[in-house]
Amino acid sequence: YKLCFPSEAGMAALLSSREALRRLHLGLPACAANMFAFYSSHIGGIVTDPAMMVVPLDDHAFHRGHAVFDTCNVCDGEAFGLDFHLDRLIRSATKAKIDLGQWNKDKFLQVILSTIAAGGQKEGVFVRYWLSAGRGDFYVSSKNCIDTSFFVVVHGPMAGSGRYPAPPKSELKERGVKEYVVSVPQKPALLANVKSNNYMLNALCCMESEQKGGHLGIQVDSQGKVGEGAIGNVAIVDQKGVLRTPPFDKILAGTTVERIRALQMDLVTRGIIKGVEFSELTVADLKGAREAFSLAGGFVLPIVEIDDVKIGNG
């Protein structure tokens with residue numbers, strides 16, 4: 001094909017920086033109104049303009065998926081469970097062979113808390129942050145990357161925006177969700193134990209469940225053992241009153257499950273459960289449970305049906 005120089009019009013127009021920024025503003029989705037603040041280590045600061053919340057194309061987080069991330073909720077002006085999440089971020093980075101460089105837990109804390117403050121919201125916001133191998137070229141390994149990249153975004157609820165708005169989590173907590181066991185395979189242990197940017201299988205898991213009328217989906221391994229959902233752990237209360245959830249050897253160590261483990265003595269003392277057990281589960285265990293749950297992002301969502309089978313009393 002003969003090359004042609006781009007014109008000022010058409011699908012591939014050559015734009016000035018000013019015009020490109022104008023078009024970025026025009027192309028913002030509806031959910032951008034709920035994106036409050038963004039930090040990028042590439043600019044060494046925070047912006048509140050959603051059109052400026054961008055990641056460089058040559059960053060390995062984008063073109064190789066070589067990045068890890070984590071999250072936290074902001075409630076009543078405080079970042080909930082941030083210690084748990086940062087410890088997991090650092091563990092994930094170690095397994096992904098991402099050099100922390102200048103970064104450490106205290107610096108992560110400072111930047112995340114400053115970005116939350118810049119967003120001006122003290123309640124009902126969510127924080128996502130990524131640690132990348134960095135930018136510098138398009139090679140497969142990170143040997144030529146300039147420096148480790150760190151990004152933080154603070155946003156509000158996204159469920160009600162877009163073409164297919166979903167109910168808020170508060171509503172889902174009240175009515176419960178339906179789930180389906182999906183055909184999408186689980187990740188290998190190396191990827192499953194790391195909270196990385198490699199989320200295609202997670203997305204396919206959720207999409208398959210959605211197509212059937214479900215919420216996030218439930219994955220099982222080749223032996224039929226229950227793994228996890230698209231973005232969270234799965235747990236049951238069995239007929240003996242024991243809260244059971246799969247061990248973390250082949251899935252991500254969920255911080256909500258860890259919180260339940262920390263609170264188990266109080267839950268047992270109050271007679272809510274008989275105990276907490278990390279053990280293998282089958283789909284039959286899920287369907288025969290007294291209760292079933294999806295646990296993620298600090299929330300516990302009741303699962304009322306699995307594969308159209310009512311769980312407990314629904």
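A short reminder: the numbers here are calculations on the coordinates, not readings from a lab. A quick note: this is a predicted structure, and the numbers were derived from the prediction, not measured.
When shorter helices are ignored and each DSSP H run of at least 4 residues is given -39500 (n - 2.57), the per-residue value for the chain at 222 nm works out to -7500 deg cm²/dmol.
What the pair-distance distribution of region 182-240 shows, using all Cα-Cα distances binned every 10 Å from zero, is 23, 53, 21, 3 percent.
Roughly what % of DSSP beta bridges within the chain run antiparallel, to the nearest 5? Counting only bridges with both partners in the chain, antiparallel ones make up about 85 percent.
Relative to the compact-globule estimate of 2.2 N^0.38 Å, the Cα radius of gyration of region 166-211 comes out at 1.40. Computed over the chain, the P(r) curve from all C-alpha pair distances, binned at 10 Å from the origin, holds 6, 23, 31, 25, 11, 3, 1, 0 percent per bin. Computed on the Cα trace of region 222-264, the radius of gyration divided by the Kirkwood hydrodynamic radius gives Rg/Rh = 0.96. The alpha carbon radius of gyration of region 1-90, expressed as a multiple of 2.2 N^0.38 Å, is 1.50. Based on the Kirkwood approach, the hydrodynamic radius assigned to region 252-309 is 12.8 Å, with every pair of different Cα atoms included.
Structural size metrics of region 180-314, computed from C-alpha coordinates, are Rg and Dmax of 14.1, 41 Å.
Evaluated at q = 0.15 Å⁻¹, a Debye calculation over the C-alpha positions of region 44-193 (equal weights, vacuum) places log10 I(q)/I(0) at -0.96.
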